[in-house]
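Q: The structure's right below; bear with me while I get my questions together.
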Amino acid sequence: MLHQILKAPEGPPSDVERIKEKSDYLRGTLRESMQDRLSAGIPDDDNRLMKFHGSYLQDDRDLRNERQKQKLEPAYQFMLRVRLPGGVATPAQWLVMDELAQKNANGTLKLTTRMTFQMHGILKWNMKKTIQEIHASLLDTIAACGDVNRNVMCNPNPFQSEIHSEVYEWSKRLSDYLLPRTKAYHEIWLDEEKVAGTPEMEEVEPMYGPLYLPRKFKIGIAVPPSNDIDVFSQDLGFIAIVEDGKLVGFNVAIGGGMGMTHGDKTTYPQLAKVIGFCTPGQILEVAEKVITIQRDYGNRSERKNARFKYTVDRLGLETVKDELENRLGWRLVEAKPFHFDHNGDRYGWVEGVQGKWHFTLFVQGGRIADFDDYKLKTGLREIAKIHTGDFRLTANQNLIIANVSSQNKEKISELIEQYGLTDGKHYTALRRSSLACVALPTCGLAMAEAERYLPVLLDKIDAIIDENGLRDKEITIRMTGCPNGCARHALGEIGFIGKAPGKYNMYLGAAFDGSRLSKMYRENIGEEEILSELRVLLSRYAKERQEGEHFGDFVIRAGIVKATTDGTNFHD
Ligand code: SRM
Ligand code: SF4
């Protein structure tokens with residue numbers, strides 16, 4: 001048996017391991033801390049556990065210095081993330097999110113890069129009722145964050161084909177199957193009574209165990225030719241294989257991830273590698289066993305090296321595959337051919353199966369708000385009131401008003417027009433292909449702006465794009481406020497990672513279909529240099545590109561950066 005020779009890395013368990021161990025299955029003293037009125041925050045240990053319940057304690061970083069000067073505690077507030085497999089929400093659920101954002105949060109909704117809702121700025125006293133209202137809308141926030149399997153992604157367009165809808169069902173099943181079993185969430189937020197323990201009833205986490213995973217774990221399912229969910233960035237990716245119009249199964253890819261630490265070569269983004277094929281009926285078992293390998297062999301000492309990608313790189317792909325097959329008791333079939341052609345979204349109206357229509361809206365930075373000259377949030381609320389289909393949040397932070405009946409299409413089109421809701425047609429294709437993580441002011445890890453700054457930078461890049469006649473050229477551009485990679489920067493043809501206020505590392509050369517990582521091009525540069533670099537690069541691209549050549553491929557062919565498919569040389 002292989003697991004006798006495999007070894008988990010040695011070293012004392014990290015602090016988080018200690019917190020999980022004594023938490024009584026994610027309870028800790030969260031209930032008491034949330035009731036405590038002396039501070040708007042909660043202690044660190046409970047905040048660690050809070051993540052498993054879908055929330056983080058944050059503070060408004062725009063106010064941090066001023067409050068410090070006034071000797072006040074930070075402006076504590078909570079971020080809340082919903083579990084929304086495949087990104088699908090009903091109009092009724094949309095209206096609940098819209099209302100909760102208005103009355104309990106900062107008035108806006110963030111559509112995340114993993115296809116769900118986040119609310120920011122919730123005060124401690126409003127957390128419980130917010131979670132209860134989410135629960136009443138038949139959604140929850142369980143395992144939206146924390147060292148467990150996170151929101152399962154899949155192509156958000158189930159009505160594009162019967163296959164899409166079948167794949168979506170698998171993403172839901174995976175999400176439910178891999179949920180933690182503890183009742184902590186129900187007790188703390190929904191006031192369910194703790195069931196007194198006879199030995200048989202004693203709570204156990206059959207899959208996770210009392211320590212849960214060494215780190216977060218992410219699963220996504222792609223439906224070729226669209227790689228919109230960036231399947232190679234997932235800890236565990238499934239690629240739907242269709243033969244004769246039927247879903248025959250999934251190629252299995254393991255060990256992807258985007259995060260790293262500046263200057264630390266033991267950390268790097270990595271692409272998941274395809275190890276075989278399984279049938280739809282085997283997908284839950286494959287996911288479970290992969291997760292248990294990470295549970296048993298992931299690094300519980302160094303959190304920055306604890307993601308599954310490092311476990312795979314440390315043990316070796318073949319060894320992990322053997323271990324998986326050992327645990328399954330059967331072998332994966334050889335992977336089947338597949339082809340991706342993009343990792344972005346397709347905008348505007350498209351007709352799907354069963355005469356239903358879908359409108360993909362461009363949502364800059366995934367932020368749903370009422371801006372001075374753009375009443376996006378109100379417009380969507382009015383649509384939700386009459387919409388009989390559903391909403392689908394995309395992995396590119398956009399929104400599909402989906403499953404619109406022919407009868408309703410005209411009314412919805414009128415509202416789209418009335419509120420000027422845009423499919424981004426009048427923007428450059430570059431802007432439509434942009435992604436930015438939240439960063440400041442809420443993210444505690446941000447070193448630079450992202451969501452608030454990228455649109456401003458894009459205004460200036462757009463001018464260069466126009467000078468070079470590249471308005472319709474789709475080039476993916478992604479910005480993150482730090483190297484954690486929440487906007488999957490390493491898979492953008494142009495990537496920026498925040499280093500310090502106003503300073504970014506610039507990356508180039510990722511593939512348009514999400515199958516190749518980018519590579520460092522310039523370090524620690526500000527806006528002026530970014531623009532002068534792009535002026536040269538984009539003008540060369542305009543003149544020298546070959547027929548149909550994407551920007552990421554061009555910079556490699558032109559020798560501007562070297563191709564990188566292996567994350568371990570990402571820093572070089
Ligand atoms: Fe992320 C941590 C926001 C997708 C890699 N991420 C965070 C935190 C919670 C900051 C923190 O730990 O204090 C951010 C909260 C900011 C805020 O104010 O809301 C945050 N991550 C986000 C979101 C909201 C970005 C967005 O603008 O959409 C995305 C929410 C996804 C969701 O709905 O579940 C988000 N994060 C991602 C992705 C992309 C993905 O999963 O497809 C990644 C890269 C893929 C990966 O995991 O490798 C990502 N986030 C991280 C990491 C780096 C993990 C690592 O491997 O080292 C951190 C830091 C950490 O875990 O310690 C992080
Ligand atoms: Fe925050 Fe960094 Fe993630 Fe951006 S990439 S949301 S700055 S953790």
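The values are calculated or read from the model by the stated rules, or taken from the named source; none is laboratory data. Since the structure is predicted, the reported quantities are computational estimates derived from the model, not experimental observations. Neighbour counts run over all protein chains shown; Cβ positions are idealised from the backbone, glycine included. Please note that ligands, DNA and RNA were not included when accessible areas were found on the heavy atoms of the full protein model with its side chains. Shrake-Rupley method; radii C 1.70, N 1.55, O 1.52, S 1.80 Å.
Q: With a 1.4 Å probe and all protein chains left in place, how much of the accessible area of the chain comes from carbon and sulfur atoms, in whole percent? If you can, show how the numbers build up before the last one.
A: Details: 11340 of 22690 Å².
Carbon and sulfur atoms account for 50 percent of the accessible area of the chain.
Q: List the equivalent ellipsoid semi-axes of the stretch 348-419 in whole Å, largest first, each obtained as the square root of 5λ for an eigenvalue λ of the Cα gyration tensor.
A: Details: eigenvalues 80, 42, 17 Å².
Semi-axes, largest first: 20, 14, 9 Å.
Q: Size of the dipole of the stretch 348-419 about the Cα centre, Lys and Arg at +1 and Asp and Glu at -1 on the beta carbon, nothing else charged, in debye to 20?
A: Dipole magnitude for the stretch 348-419 comes out near 240 debye.
Q: With 28 Å as the cut-off, how large is the P(r) tail for the stretch 1-146, expressed as percent of Cα-Cα pairs?
A: Counting pairs separated by more than 28 Å, the tail of P(r) holds 29 percent.
Q: Strictly greater than 19 Å: what percent of every Cα pair in the stretch 429-569 meets that?
A: Numbers: 4461 of 9870 pairs.
Summing the P(r) of the stretch 429-569 above 19 Å gives 45 percent of all pairs.
Q: Would you kindly calculate the translational diffusion coefficient of the stretch 361-504, applying Stokes-Einstein with the Kirkwood radius from alpha carbon pairs, for 20 °C and a viscosity of 1.002 mPa s, and quote it in µm² s⁻¹ without decimals?
A: 132
Q: Sticking with this structure for a sec: Using every pair of alpha-carbon atoms in the stretch 41-115, split the distances into 10 Å bins beginning at 0 and state the percent of pairs per bin, rounded to integers.
A: 16, 39, 33, 11, 2
Q: Hey, which lysines would be in cross-link range of Lys124, C-alpha to C-alpha under 25 Å, not counting anything within fewer than 8 residues on its own chain?
A: Partners within reach: Lys20, Lys22, Lys51, Lys69, Lys71, Lys103, Lys110, Lys183, Lys194, Lys216, Lys377.
Q: In addition: Just want to confirm a number: the relative contact order over the chain, from Cα pairs under 8 angstrom separated by 6+ residues, in percent.
A: Reported as a whole number, the value is 13 percent.
Q: Quick check of the Kirkwood formula: for the stretch 263-326, what is the inverse mean of 1/r over all pairs of different Cα atoms, in Å?
A: 12.8
Q: Given the DSSP H assignment, sum -39500 (n - 2.57) over each helix run of at least 4 residues in the chain and divide by its residue total; what's the result at 222 nm in deg cm²/dmol, nearest 500?
A: For the chain, the value works out to -9500 deg cm²/dmol.
Q: Return one whole number: the accessible area per residue of the chain in Å², for a 1.4 Å probe. Each step should come with its number before you reach the end.
A: Values: 22690 Å² over 572 residues.
The answer is 40 Å² per residue.
Q: Can you compute the radius of gyration and Dmax for the chain, using only the Cα atoms, both in Å?
A: Taking only Cα atoms of the chain, I get Rg and Dmax of 23.0, 74 Å.
Q: What is the distance, in nm, between label points placed 7 Å from the Cα along the Cα-to-Cβ direction at Phe371 and at Glu73?
A: 3.6
Q: May I ask you to compute the full-extension gain from Gln546 to Glu192, defined as 0.36 nm times their residue separation minus their alpha-carbon distance, rounded to one decimal in nm?
A: Values: separation 354, 0.36 × 354 = 127.44 nm, distance 6.29 nm.
The Gln546-Glu192 span can extend by a further 121.1 nm.
Q: Restricting to the stretch 429-569, what percent of DSSP beta bridges are antiparallel, rounded to 5?
A: Of all bridge pairs located within the stretch 429-569, approximately 60 percent are antiparallel.
Q: Once you wrap a convex hull around the alpha carbon atoms of the stretch 486-563, what is its projected area averaged over all directions, in nm²?
A: Mean orientational projected area (the stretch 486-563, Cα hull): 5.1 nm².
Q: Now for a separate question. Would you mind getting me the FRET efficiency between Arg557 and Leu63? Use the beta-carbon distance for r and R0 = 51 Å, nearest 0.05.
A: Calculated transfer efficiency: 0.60.
Q: Of the listed peptides 228-241, 473-486, 314-327, 262-275, what is their order by residue-averaged count of other C-beta atoms within 10 Å, with the highest listed first?
A: In decreasing order of mean packing, 228-241, 473-486, 314-327, 262-275 become 228-241, 473-486, 262-275, 314-327.
Q: Another question about this same structure. Got the relative contact order for the stretch 348-419 handy, in percent, Cα pairs under 8 Å and 6 or more residues apart?
A: On the way: 99 pairs, mean separation 26.0, N = 72.
This gives 36 percent for the stretch 348-419.
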